Structure formats: C-alpha cells, structure tokens
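Asker: Sharing a structure below in structure tokens format, with a few things to ask.
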Amino acid sequence: MEDVYNNLRDQLETSKDSAASVSQRINKVEAVANALFLEWGSQIDMISSAKLKRDSQRKLPEIKRKYASVLVSMRKVEKNIAPVLINLQDNFLVLKHNLNANAIGAFQGEFNSIKQDAGSLIKVMNTAIAQSDEFIKSNKGE
C-alpha cells in the first residue's frame, strides 16, 4: 500500500505542476495575442495605401473573433483539469488516511508488546528490590 501511496503522491505533484504549466501557457498566449492586437490596431493608420489599410482594418476583427474562439476552447480545457485534479487529490488523501489507520493499528500491537515487556521488567525490579531489602535487613542486625 505504501508503494501505491508514494506513486500516487508523485503523480499528484506532477499533475499539479502540469496543470499550473497549462494555465501559465494559456496566460502567455493571451498576453501575446493582446499585445499583438494592440500593436496591429495602432499600426493601421501607418499604412498609406487605402486598399491595404481597409484590408488590414477588415482582417483585425475577423482574426480577433477566431482568436477569441481558440481562447475559449483553451480555457474550457483548463477548467476541465481542476475536477480531475481534485479527484486525484481526494484519492491520494483517502489512501494516506488508510495508511495512517494501519499505522495506528500497528501502534496497538506495539502497545501490547511494551505492556508485556514492562510487566516482565517490573517483576525483575520487584525481585531485585526484595533481594536488596533482604540484604539491608541482614546487615542491620550486625
């Protein structure tokens, strides 16, 4: 069970890292696209040809719509990661708690062994005390 626990712990950490990486990558794509669209919009007026200017002005909103659709799809994928990650973490925690329960059960066995050892030790100590009491009594009379 411990091997399964260790493997699941590693998979959980890797999955969390991967999920964070996906979110970071989507955020980077969004930042680059926003910068690109701002630059595109600000540069349209720099085009001297009326035909090329109209083409660029017409293309910008079309490309923005296509990009928005792609971004929505990326965010959906991102949102679908969270429930899977939560289920994986739930399973990991339950497995961890089961291992803890097994460890507590093992403590009972250890307690029984300690109790037995302590009982034996107390008997040995009582015998030694009785012997030392006898020795003390026998030497008082001298």
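What follows is calculated from the coordinates using simple rules that are stated; it is not laboratory data. Here the structure is a predicted model, which is why all the values come from computation and not from measurement. Methodologically, a virtual Cβ is constructed for each residue, glycine included, from the backbone with ideal geometry; neighbour enumeration extends over all protein chains shown.
Asker: Can you tell me which residues in the range 3-62 are under 17 Å from residue 88 (Cβ atoms) and either among the β-branched types (Val, Ile, Thr) or touching a residue at least 40 places away in the same chain (Cβ under 8 Å) (or both)?
Answerer: 4, 5, 8, 9, 11, 12, 14, 15, 16, 19, 22, 23
Asker: When you scan the range 101-113, do you find a residue that is out of contact with any Asp or Glu (no Cβ under 9 Å at 6 or more places or on another chain), among the polar types (S, T, N, Q) and either more than 30 Å from residue 2 (Cα to Cα) or not in a helix (DSSP H, G or I) (or both), even just one?
Answerer: Looking through the range 101-113, none of the residues is out of contact with any Asp or Glu (no Cβ under 9 Å at 6 or more places or on another chain), among the polar types (S, T, N, Q) and either more than 30 Å from residue 2 (Cα to Cα) or not in a helix (DSSP H, G or I) (or both).
Asker: Please enumerate the residues belonging to the range 24-65 that are closer than 20 Å to residue 79 by Cα and either surrounded by 14 or more Cβ atoms within 10 Å (Cβ to Cβ) or not small (Gly, Ala, Ser) (or both).
Answerer: Answer for the range 24-65, where residues must be closer than 20 Å to residue 79 by Cα and either surrounded by 14 or more Cβ atoms within 10 Å (Cβ to Cβ) or not small (Gly, Ala, Ser) (or both): 24, 25, 26, 27, 28, 29, 30.
Asker: Specify which of the listed residues (48, 56, 138) is of a type outside the set (A, V, I, L, M, F, W, C), farther than 26 Å from residue 8 by Cβ and not in a helix (DSSP H, G or I).
Answerer: Criteria check complete, one pass: 48.
Asker: Select from the range 75-122 the residues that are over 19 Å from residue 16 (Cβ atoms), among the aliphatic types (A, V, I, L, M) and in contact (Cβ under 8 Å) with a residue 24 or more places away in the chain and list them in ascending order.
Answerer: The answer is 99, and nothing else.
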